[in-house]
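Engineer: Okay, handing you the structure first.
The values are calculated or read from the model by the stated rules, or taken from the named source; none is laboratory data. Here the structure is a predicted model, which is why all the values come from computation and not from measurement. Reconstructed Cβ throughout: ideal geometry from the backbone, glycine too, with neighbour counts over all protein chains shown. Just so you know, the surface numbers come from the protein's heavy atoms only, side chains and all, with ligands and any DNA or RNA stripped out. Shrake-Rupley method; radii C 1.70, N 1.55, O 1.52, S 1.80 Å.
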Amino acid sequence: QVHLVESGGGLVQAGGSLRLSCAASGGTFSSYAIGWFRQAPGKEREFVAAIGWSGRSTNVADSVVGRFTISRDNAKNTVYLQMNSLKPEDTAVYYCAARSGPIRTETTEFASWGQGTQVTVSS
């Protein structure tokens, strides 16, 4: 089973940028679709973006389209989430997750999860 570790979170002012990384070990990374999700205090975990095993298929939530970009480097076993034009409402713990098969947007479709990284956007 693949093990995932997120990094790159932090505190940033509104309008700023961050790049999150999701590093994988174990399993065959290039066979997994990877999703990014986030959870703000008191709210349910929500879909942010996902990318297929080859990188050719992506899906980005309406709330972040045009601001966030997902990509992957299978040679480095890493998926990235580039976040630009950050807003205070983007503040949350960001998680990456892996699943075999095509990309999905539901949390229940992902079997392996990282521990999360905190992103805080100040106004």
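Engineer: Quick check: pseudo-label points 7 Å beyond the Cα along Cα→Cβ at H3 and S100, how many nm apart are they?
Structural biologist: Placing both labels 7 Å beyond Cα along the Cβ direction yields 2.0 nm.
Engineer: Something else about it: Under the Kirkwood approximation for Rh and a Cα-based Rg, what ratio Rg/Rh is obtained for the range 26-88? Before the final figure, lay out the partial values.
Structural biologist: Working: Rg = 12.6 Å, Rh = 12.6 Å.
Over the Cα atoms of the range 26-88, Rg/Rh equals 1.00.
Engineer: Sticking with this structure for a sec: In whole Hz and in residue order, list the ³J(HN,Hα) couplings for the range 56-64 that follow from phi through the Karplus curve 6.51 cos²θ - 1.76 cosθ + 1.60, θ = phi - 60°; x for Gly and Pro.
Structural biologist: Listing the rounded values in order: 7, 9, 9, 8, 10, 5, 4, 5, 10 Hz.
Engineer: Excluding A33 itself, what net charge comes from residues whose Cβ is under 13 Å from its Cβ, given Lys and Arg +1 and Asp and Glu -1?
Structural biologist: Details: positive: R56, R72, R99, R104; negative: E106, E109.
Once positives and negatives cancel, what remains is +2.
Engineer: If packing is taken as the average number of other Cβ atoms within 10 Å across a peptide's residues, how do 63-73, 102-112 rank, most packed first?
Structural biologist: Numbers: 63-73: 16.5, 102-112: 14.7.
Most protected by this proxy first, the peptides run 63-73, 102-112.
Engineer: Need the full-extension length gain, T28 to K76, defined as separation in residues times 0.36 nm minus the C-alpha distance. One decimal, nm. Intermediate results must be reported in sequence, preceding the final value.
Structural biologist: Working: separation 48, 0.36 × 48 = 17.28 nm, distance 1.20 nm.
Residue separation times 0.36 nm, minus the Cα-Cα distance, leaves 16.1 nm.
Engineer: Evaluate the relative contact order of the chain (contact order divided by residue number), counting alpha-carbon pairs under 8 angstrom at least 6 apart; express in whole percent.
Structural biologist: Relative contact order, the chain: 36 percent.
Engineer: Let me ask you something else. Order the following by accessible area, largest value first: W113, W53. Probe radius 1.4 Å; ligands, DNA and RNA are ignored. It would help to have the intermediate numbers written out before the result.
Structural biologist: Values: W113 75, W53 140 Å².
Final ranking, largest accessible area leading: W53, W113.
Engineer: In terms of modelled amide H atoms, which long-range or inter-chain residues lie less than 5 Å from the amide H of G16?
Structural biologist: For G16, the qualifying residues are L86.
Engineer: Still on this model: List every residue whose amide H lies under 5 Å from the amide H of F68, counting only residues 5 or more places away in sequence or on a different chain, with H placed 1.01 Å from N in the peptide plane.
Structural biologist: Close amide H contacts, sequence-distant or interchain: N84.
Engineer: If you don't mind, another one. P(r) tail for the range 60-123, what percent of Cα pairs lie past 15 Å? List each step's numbers first, then the result.
Structural biologist: Working: 1239 of 2016 pairs.
Of the Cα pairs, 61 percent sit more than 15 Å apart.
Engineer: Tell me, what is the Rg over Rh of the chain, with Rh the Kirkwood radius over Cα pairs?
Structural biologist: On the way: Rg = 13.2 Å, Rh = 14.1 Å.
Rg/Rh for the chain comes to 0.94.
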